[in-house]
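S.K.: Just dropping this structure here.
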Amino acid sequence: MEKLILASPFGVPLPPPKAVSEAAKQQQSRVQSAVESAWNSYYTPMSLVRGLGPVGSSVVKRFVHLRFPRLDQESKEAMSDYIHHLWAGAGSGEYVINALFVPFGYAKHPLLTRLSNLKVPTYFLYGESDWMDPRPVQSYQNNPLTRNPMIREISLVPNSGHQLYLEAPDAFNAAVIRILKERIPKS
């Protein structure tokens, strides 16, 4: 492998610190225990859609319309149908989510703790309005004690969110092509 391109990577940051106030702990513990119970029972957004039966398609449609505001109406309809058919079918690969992540979207083994192990030129691409946060990688790279020269770029793809290849395909493709054409000096 000559290069690694991570497009809006999930599982980079460390989880936030635990709640400190007693009220926050109680509130967090009720919500957290409910979510963890569902998580440990392998409930996923896909299983929710399956459980809703015929109503699941309208839930997916609403999700797509809120999640992808930049897409035209025809694309939103096609995306809704596609996602609903994927999610309404029997579960399979979705169950790996529980093996890799803890509830609330943090990795069991965050990439941030392993950035020093990168041995190939690595490029981080994030959407301009992505819910994945590039700041942990930027902070890592801005610290002279942790900076890894293998991290060649951390950039934002304009007019896109988390699904940058879908929301801004021309800008995403241009970034990927530019990265692939970049010559890396042999050491």
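S.K.: Out of V35, V49, V60, I need the residue that is among the β-branched types (V, I, T), surrounded by fewer than 16 Cβ atoms within 10 Å (Cβ to Cβ) and over 30 Å from L180 (Cα atoms). Which one? Let's see the steps before the verdict.
M.R.: On the way: V49 fails: surrounded by fewer than 16 Cβ atoms within 10 Å (Cβ to Cβ); V60 fails: surrounded by fewer than 16 Cβ atoms within 10 Å (Cβ to Cβ).
After ruling out the rest, the residue left standing is V35.
S.K.: Name every residue in segment 70-94 that is at pLDDT below 85 and loosely packed, with under 12 Cβ neighbours inside 10 Å, in order of residue number.
M.R.: Correct list: S92, G93.
S.K.: Something else now. What pairs can you find where one residue is in segment 3-26 and over 30 Å from Q163 (Cβ atoms) and surrounded by fewer than 16 Cβ atoms within 10 Å (Cβ to Cβ), the other is modelled with pLDDT under 90 and hydrophobic (A, V, I, L, M, F, W, C), and their Cβ atoms are less than 8 Å apart, with a gap of 6+ or different chains?
M.R.: The qualifying pairs are K25/A19.
So that you can scan it fast, the table gives a plain yes or no per residue for (1) farther than 19 Å from E182 by Cβ; (2) surrounded by fewer than 16 Cβ atoms within 10 Å (Cβ to Cβ):
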residue	(1), (2)
N117	yes, yes
M132	yes, no
P136	yes, no
T146	yes, yes
I151	no, no
P158	yes, yes
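S.K.: For segment 47-59, state whether one or more residues are in a loop (DSSP other than H, G, I, E, B) and not basic (K, R).
M.R.: yes
S.K.: Among the hydroxyl-bearing types (S, T, Y) and under 18 Å from P169 (Cα atoms), is that true of S75?
M.R.: Yes; evaluated as a whole, the condition is true for this residue.
S.K.: Among the residues of segment 60-79, write down those that are closer than 16 Å to Q163 by Cβ, more than 19 Å from the chain's Cα centre (by Cα) and part of a helix (DSSP H, G or I).
M.R.: S75, K76, A78
S.K.: When you scan segment 96-108, do you find a residue that is closer than 24 Å to F172 by Cα, surrounded by 17 or more Cβ atoms within 10 Å (Cβ to Cβ) and at pLDDT below 95, even just one?
M.R.: Looking for residues that are closer than 24 Å to F172 by Cα, surrounded by 17 or more Cβ atoms within 10 Å (Cβ to Cβ) and at pLDDT below 95, one finds none in segment 96-108, hence no.
S.K.: Mind checking which pairs have a first residue in segment 108-135 that is at negative phi and a second that is part of a helix (DSSP H, G or I) and not aromatic (F, W, Y), Cβ under 6 Å, 6 or more apart or different chains?
M.R.: L112/P136; Y123/I179; F124/V137; L125/A175; G127/L164
S.K.: Then there's this: List every residue pair whose Cβ atoms lie under 7 Å apart, where the two residues are 6 or more positions apart in sequence or sit on different chains, the first residue falls within segment 159-177 and is without any contact (Cβ under 8 Å) to a residue 24 or more places away in the chain, and the second residue, located anywhere, is surrounded by fewer than 19 Cβ atoms within 10 Å (Cβ to Cβ).
M.R.: A171/P158; A171/N159
S.K.: Continuing with the same structure: If I go through segment 39-69 residue by residue, how many of them are free of Cβ contacts under 8 Å to residues at least 24 places away in the same chain and farther than 23 Å from G127 by Cβ?
M.R.: Residues that pass the stated criteria total 10.
S.K.: What number of residues within segment 96-138 satisfy the criterion of being polar (S, T, N, Q) and farther than 29 Å from R70 by Cα?
M.R.: The total comes to 4.
The values are calculated or read from the model by the stated rules, or taken from the named source; none is laboratory data. Here the structure is a predicted model, which means the values were calculated and not measured. As a convention, Cβ positions derive from the backbone with ideal geometry for all residues, glycine included, and neighbour counts pool all protein chains shown.
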